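The values are calculated or read from the model by the stated rules, or taken from the named source; none is laboratory data. All values derive from a computational prediction rather than experimental measurement. Methodologically, a virtual Cβ is constructed for each residue, glycine included, from the backbone with ideal geometry; neighbour enumeration extends over all protein chains shown. The accessibility values were calculated without ligands, DNA or RNA, using every heavy atom of the protein model including side chains. Shrake-Rupley method; radii C 1.70, N 1.55, O 1.52, S 1.80 Å.
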Amino acid sequence: MVTERFQMEVTAVGSDDGTHTYEIQRKWREKGKKSLVVELYPTLTASRCGSMDVSTMHLINHVQELGWGEVRIVNLYSKVFSEKPKVSELAEDSSNLSYIEEILEEPDIKEYDIIIAWGNTLTTHTQTIHAKADLLAMMKGKGLVKQVKCIVTDNLKTEGVHPLYLGLRHSKDVWKLKPYPLEKALQDLKGGEKKATKESEAVKKKKGAKKDVPEDKEQT
């Protein structure tokens with residue numbers, strides 16, 4: 001007969017009004033690799049940190065394979081959403097970026113696996129492109145490129161996949177870590193920024209042209 005005990009310590013940081021969650025940290029073992037996982041947006045307020053969303057549930061189910069004893073989850077956006085947000089609801093979040101920067105400057109940060117797991121949606125959304133580029137550039141500037149990784153499986157080679165997708169499509173696979181192509185991702189994002197800017201300018205010009213055209217008046 002075997003008796004096992006698993007105890008998890010949960011810590012959350014959020015805004016006073018509960019509208020933003022900056023980090024949820026789960027620690028269950030003193031020994032073991034630490035990880036900083038960057039996802040898209042939070043679904044739990046700090047006051048509900050004892051609950052577990054589906055994405056985190058899938059992640060925790062595979063931490064033994066990944067060798068982690070602690071997971072710190074942050075996001076590109078800190079605003080809490082109970083369902084998939086509209087693009088218009090995703091705004092610049094400088095306070096969130098500053099919070100993540102503080103983590104990246106902690107003395108033991110080079111002991112962490114830094115995981116890009118924000119998924120592959122919003123690839124043409126200007127603000128999301130900016131947020132990704134800013135964060136990757138920050139990691140590069142702080143000399144953390146070698147620690148930046150992503151989760152893959154033998155049946156999934158796509159980089160930066162979100163834990164929810166992994167859990168729904170590859171829950172039975174063994175999850176592994178591979179280096180995240182940070183330099184290439186930055187180049188692609190810069191190209192995306194230029195394209196998004198040109199498209200935005202084109203839309204503005206088109207709208208301006210419509211305003212300049214006088215409305216046809218009915219002839220009587």
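Would you call ARG72 charged (D, E, K, R) and either farther than 20 Å from GLY18 by Cα or modelled with pLDDT under 95 (or both)? So ARG72 does not fit the description; no. Can you name the residue in region 119-141 that is assigned to a loop (DSSP other than H, G, I, E, B) and surrounded by 14 or more Cβ atoms within 10 Å (Cβ to Cβ) and is also farthest from the chain's Cα centre (by Cα) among such residues? Once the filter is applied, the top-ranked residue is HIS125.
Just to verify a result, which residue in region 28-48, among those that are among the hydrophobic types (A, V, I, L, M, F, W, C) and either at positive phi or crowded, with 17+ Cβ neighbours inside 10 Å (or both), is farthest from the chain's Cα centre (by Cα)? Lay out the reasoning, then the answer.
Keep residues of region 28-48 that are among the hydrophobic types (A, V, I, L, M, F, W, C), which gives 28, 36-38, 40, 44, 46.
Those still in the list that are either at positive phi or crowded, with 17+ Cβ neighbours inside 10 Å (or both) too: 36-38, 40, 44, 46.
Details: LEU36: 10, VAL37: 7, VAL38: 4, LEU40: 3, LEU44: 14, ALA46: 17 Å.
Ranking the candidates gives ALA46 first.
Inside region 1-15, residues that are in a loop (DSSP other than H, G, I, E, B) and either open to solvent by less than 100 Å² (accessible area, probe 1.4 Å) or within 18 Å of LEU97 (Cα to Cα) (or both) make up a count of 2.
Answer yes if at least one residue in region 86-96 is over 17 Å from the mean Cα position of the chain (by Cα), among the acidic types (Asp, Glu) and assigned to a loop (DSSP other than H, G, I, E, B), and no otherwise. Even if it seems obvious, please write down each step before you answer.
If we filter region 86-96 for residues that are over 17 Å from the mean Cα position of the chain (by Cα), which is where we start, we get 88.
Subset that is among the acidic types (Asp, Glu): none.
No, that holds for no residue.
Of all the residues that make up region 49-88, how many are open to solvent by less than 30 Å² (accessible area, probe 1.4 Å), among the polar types (S, T, N, Q) and either out of contact with any Asp or Glu (no Cβ under 7 Å at 6 or more places or on another chain) or farther than 22 Å from ASP134 by Cα (or both)? So the count comes out to 2.
Which of the residues that make up region 159-193 are more than 14 Å from HIS58 (Cα to Cα), loosely packed, with under 13 Cβ neighbours inside 10 Å and touching a residue at least 24 places away in the same chain (Cβ under 8 Å)? Those that are more than 14 Å from HIS58 (Cα to Cα), loosely packed, with under 13 Cβ neighbours inside 10 Å and touching a residue at least 24 places away in the same chain (Cβ under 8 Å): LYS178, PRO179, GLU183. The residue that is least open to solvent (accessible area, probe 1.4 Å), counting only those in region 142-158 that are farther than 18 Å from VAL63 by Cα and in a helix (DSSP H, G or I), is VAL145. A residue that is more than 19 Å from SER78 (Cβ to Cβ), in contact (Cβ under 8 Å) with a residue 12 or more places away in the chain and touching a His at 6+ places or on another chain (Cβ under 9 Å) occurs somewhere in region 105-122. Among residues of region 129-143 that are in contact (Cβ under 8 Å) with a residue 60 or more places away in the chain, those with a Cβ under 8 angstrom from a residue that is surrounded by fewer than 20 Cβ atoms within 10 Å (Cβ to Cβ) and basic (Lys, Arg), sequence gap 6+ or separate chain, pair up as ALA133/LYS190. Number of residues in region 19-33 that are within 21 Å of LEU122 (Cβ to Cβ) and part of a loop (DSSP other than H, G, I, E, B) equals 1. Reported count of residues in region 34-53, each being at pLDDT 95 or above and either under 16 Å from GLY160 (Cα atoms) or outside any loop (DSSP other than H, G, I, E, B) (or both), is 8.
Flag: GLU39 matches the condition of being of a type in the set (D, E, K, R) and touching a His at 6+ places or on another chain (Cβ under 9 Å).
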